[in-house]
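Have a look at the structure below before the remarks.
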Amino acid sequence: MLTSTLSKDAPLVDIPVGIALALSHAIIDTVRDPLLVLDPDQRVTAASRSFYQIFQLAGQDVRGQLLFAIDGGQWNIPELRELLETIAKDHKTIENYEVHREFPRIGRRIMCLNARKVFYEKGSNFSVLLAFEDITARHAIEQQLQELMREKDMLLEEMQHRVANSLQIIASILLIKARTVQSEETRLQLEDAHQRVLSVAAVQKHLQVSGQGSAIEIGNYLTRLCETLAQSMIGGSRPITLSVVADAGKLLSHQAVSVGLIVTESVMNALKHAFPNDKKDARIVVSYKIASSDWKLTIADNGVGKSEPTEPEKRRGLGTSLVQSLAKQLDARVDYEPVSQGMTVSITHATFKANPAKEKELITAP
């Protein structure tokens with residue numbers, strides 16, 4: 001007689017052996033994926049209907065046979081033997097063991113194997129349940145997806161390369177035109193356009209290094225961006241330092257684009273207006289502070305200072321309009337903070353839902 005425990009608190013119920021065997025075979029036959037029941041010697045004592053159907057085998061080819069002799073020895077795999085022997089000795093299991101095989105009747109298949117040891121309540125006998133999952137189609141789809149991803153990366157890399165080249169060509173054309181025009185106003189506008197094209201090129205360059213579409217470490221990104229801006233816009237001709245102070249954190253690439261363009265536009269503006277005369281300790285500091293999901297970006301200089309732009313000035317200035325639009329995309333606000341020596345532009349994204357104490361810390365951060 002076999003004893004089955006229905007639940008933790010239910011009484012034990014004796015099930016006749018014949019009924020128990022019929023029930024177990026019925027359960028095995030209803031299993032969707034191929035399933036074998038092995039004895040301690042790895043002989044097949046039962047097989048699911050799906051096993052016969054998928055591998056196109058008959059009962060006499062399977063029942064009572066050693067697993068490693070079935071279907072012309074297709075399962076005679078040394079590593080699988082070792083794994084099953086380990087299960088027989090210990091309580092270990094087989095998890096997601098892949099088998100790549102060319103089967104005589106069904107062709108090449110990739111099977112994922114899982115195995116468990118089943119103990120009987122009385123005696124020392126046990127069985128091993130060996131389940132098979134045909135993952136051939138899934139594996140093919142995964143390979144196709146990987147290939148498509150590789151092609152996508154190649155296309156993106158090529159596109160980024162072409163965009164970078166095009167931006168450099170446009171910048172060169174603008175600079176040539178600026179040197180040939182007679183009008184001072186036109187020359188300044190062309191030079192301004194040249195600087196903005198270079199700023200877009202700098203942002204695009206550093207996003208390409210970081211990986212398009214991925215999360216970008218903001219500190220490294222801003223540092224590399226400002227190094228490029230310093231080389232192209234300051235060089236060794238002006239005694240101005242450009243530095244970055246950033247908390248550890250990440251932004252999505254589309255957010256990093258907006259942040260990078262804001263930094264570039266603000267640095268350009270500071271270089272243009274903050275230091276009309278050479279200053280010995282002239283500096284621009286880009287700071288990025290994080291408090292939970294909130295952040296604050298500041299671009300501060302110690303130049304001559306300027307009052308906060310009036311509404312008509314905000315409407316007229318292209319740079320100011322760009323910063324306002326980019327901040328709106330980031331769901332952030334822009335503040336101009338003139339001081340006795342210099343100007344600070346702050347872009348703050350703040351909800352402060354989780355920790356009100358962080359609000360004061362972030363707002364007062366330089």
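Taking the Cα-to-Cβ direction at Ser293 and at His91 and moving 7 Å from each Cα, how far apart do the two end points lie in nm?
With each label placed 7 Å out from Cα toward Cβ, I get 4.3 nm.
Estimate the FRET efficiency between Asp331 and Gln146 by the formula 1/(1 + (r/R0)^6), using the beta-carbon distance for r and 30 Å for R0, to the nearest 0.05.
The pair Asp331/Gln146 has a calculated efficiency of 0.25.
Need the list of aspartates and glutamates near Lys279 for cross-linking: C-alpha distance under 17 angstrom, and skip anything on the same chain fewer than eight residues off.
Output for Lys279: Asp301.
Please compute the modelled spin-label separation between Asn76 and Glu157, points set 7 Å along Cα→Cβ, answer in nm with one decimal.
With each label placed 7 Å out from Cα toward Cβ, I get 4.6 nm.
Given a Förster distance of 45 Å, report the FRET efficiency between Glu98 and Ser166 from their Cβ-Cβ distance, rounded to the nearest 0.05.
E between Glu98 and Ser166, to the nearest 0.05, is 0.45.
For the range 76-195, how many pairs of lysine residues have a Cα-Cα distance under 21 Å, where the two are 8 or more positions apart or belong to different chains?
The number of close lysine pairs in the range 76-195 is 4.
Length gain on complete extension for the stretch Tyr120 to Arg43, per 0.36 nm per residue less the alpha carbon to alpha carbon distance?
Fully extending the segment from Tyr120 to Arg43 adds 26.0 nm.
Values in this text are rule-based calculations from the coordinates and carry no lab data. Owing to the predicted nature of the structure, the values given are computational and were not obtained by experimental measurement. FYI the Cβ positions are ideal-geometry reconstructions off the backbone, even for glycines, and counts take in every protein chain you see.
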